[in-house]
Amino acid sequence: MTRLRPLLLVHGGAGRRPMTSQQVQSLKLALEAGYGILQRGGPSLAAVECAIGILEEGGAFNAGRGAYRQLDGVRRMDASIMEGKGLRAGAVASVEGVVHPITAARLVMEKTDHVLLVGPSATKFARHFKLQRLPPTQARQGLSYDRLLARTSMTGERHGTVGAVALDQAGTVSAGASTGGIERMLPGRVGDTPLIGCGVYADDRAGGVSMTGVGEGIIRLAVAGIVCERLAEGKSPAAAARRILNQLVSRIQGVAGMLVVAPDGRFAIAHVTPRMAAGWWRGTGSPIVKDRWT
């Protein structure tokens, strides 16, 4: 059997602000650790979980230790992961008090017959498997719902969702993402990240996608799944990404960026925001990390 040259892509969100030095180093560390798994012949699923886990742990992005709090002061996080060989997937939404929602998502995939667990039940599930905990956050008291609604906004400039897509030596594609959401969000708001086919998708017959940006627009066009459909039709990763991003902007004024990998190793990093913190590596030289991609 011909073995492919592995590939790993990671992102730390799309928006306006340039990367900090801490974010650059965090992305490089994620690439090095995740690619090490691929280089040793390990599966793409493990590489994706590892890379995202490092970004969750570092606290430099809006995931894990760095996750935003919702308007009531509580940190609720979303994550998903998918493997393209058997179309296996797992996800959690509005999970609280864990450092690594991406691991909780993988556990949903591997330990249950379900795809998505939400809210307190997702938190209970993560604690059952003794995942590393974050300090608890308490809801602010005395905030009326009218007051919360008045503070809600979808126009925040910072979007720090983290994600990864990997292709291993066996040709299996995997993708994942983890987030604390967006700024100024209502309690219980869930974006695209835990929704398979919206924020994440992987299929060995098509490719893999991990999204970032404002999830409301990404959900409405089911972006990750549509991009994979275009890949299956023979479009290049760059062409597939550009077409759906153009639609996202023209039809609903959406804001997004994405990682796209084809089964043959072609890839694209595309965004309609001024910047997208992202990187890739095939194991030679140094990992490529920057925040502007053509």
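FYI, it's all coordinate maths here, none of it is from the lab. Just so it is clear, the structure is predicted and the values come from calculations on it, not from any experiment. Here the Cβ positions follow ideal geometry from the backbone for every residue, glycine too, while neighbour counts run over all protein chains shown.
Sort 3-15, 170-182 by packing, meaning the average of other beta carbons within 10 Å per residue, with the highest value first. Spell out each step's value before the answer.
Details: 3-15: 24.9, 170-182: 27.6.
Going from most to least packed, we get 170-182, 3-15.
Just how many pairs of Lys in the chain have C-alpha atoms closer than 19 Å, counting pairs that are eight or more places apart or on different chains? If you can, show how the numbers build up before the last one.
Numbers: 28/290; 85/111; 111/124; 111/130.
Lysine pairs, 8 or more places apart or on different chains, close enough: 4.
In percent, how large is the relative contact order of the range 3-161, given Cα pairs closer than 8 Å and 6 or more residues apart?
22 percent
Karplus couplings for the range 280-294 from phi (6.51 cos²θ - 1.76 cosθ + 1.60, θ = phi - 60°), rounded to Hz, Gly and Pro as x?
For the range 280-294, the Karplus-derived couplings read 8, 7, 10, x, 10, x, 10, x, 8, 9, 7, 10, 9, 10, 8 Hz, x marking Gly and Pro.
Peptides 239-252, 101-114: what's the order by average Cβ count within 10 Å, highest mean first?
101-114, 239-252
If you plug each phi of the range 250-266 into the Karplus form 6.51 cos²θ - 1.76 cosθ + 1.60 with θ = phi - 60°, what whole-Hz ³J(HN,Hα) values come out, in order, with x for Gly and Pro?
Each residue's phi maps through the Karplus curve to give 6, 8, 9, 6, x, 10, 6, x, 8, 9, 9, 10, 8, x, 8, x, 5 Hz.
Using just the helices of the chain, give the 222 nm mean residue ellipticity in deg cm²/dmol: DSSP H runs with n ≥ 4 each add -39,500 (n - 2.57), and the total is spread over all residues, rounded to 500. Could the numbers behind the result be given before it?
Working: 8 runs with 95 residues, N = 294.
Using -39500 (n - 2.57) per qualifying helix, the result is -10000 deg cm²/dmol.
What are the ³J(HN,Hα) couplings of the range 5-13, residue after residue, when phi is run through the Karplus curve with 6.51, -1.76, 1.60 and θ = phi - 60°? Round to Hz, x for glycine and proline.
Coupling constants for the range 5-13: 7, x, 8, 9, 10, 9, 9, x, x Hz.
Is there a quick way to get the dipole size of the chain? I mean about its Cα centre, with the Cβ of Lys and Arg at +1 and of Asp and Glu at -1; what is the value in debye to the nearest 20?
With Lys and Arg at +1 and Asp and Glu at -1, about 460 debye.
What percent does the relative contact order of the range 2-52 come to when contacts are Cα pairs within less than 8 Å and at least six residues apart?
The value is 40 percent.
What relative contact order, as a whole-number percentage, does the chain give when Cα pairs under 8 Å and 6 or more residues apart are counted?
24 percent
Tell me which residues come under 5 Å, amide H to amide H, from residue 201 once H is placed; ignore anything under 5 positions away on its chain.
Long-range HN contacts for residue 201: 209.
Under the rule of at least 5 residues apart or a separate chain, name every residue whose amide H is placed under 5 Å from the amide H of residue 76.
Here 70 satisfy the definition.
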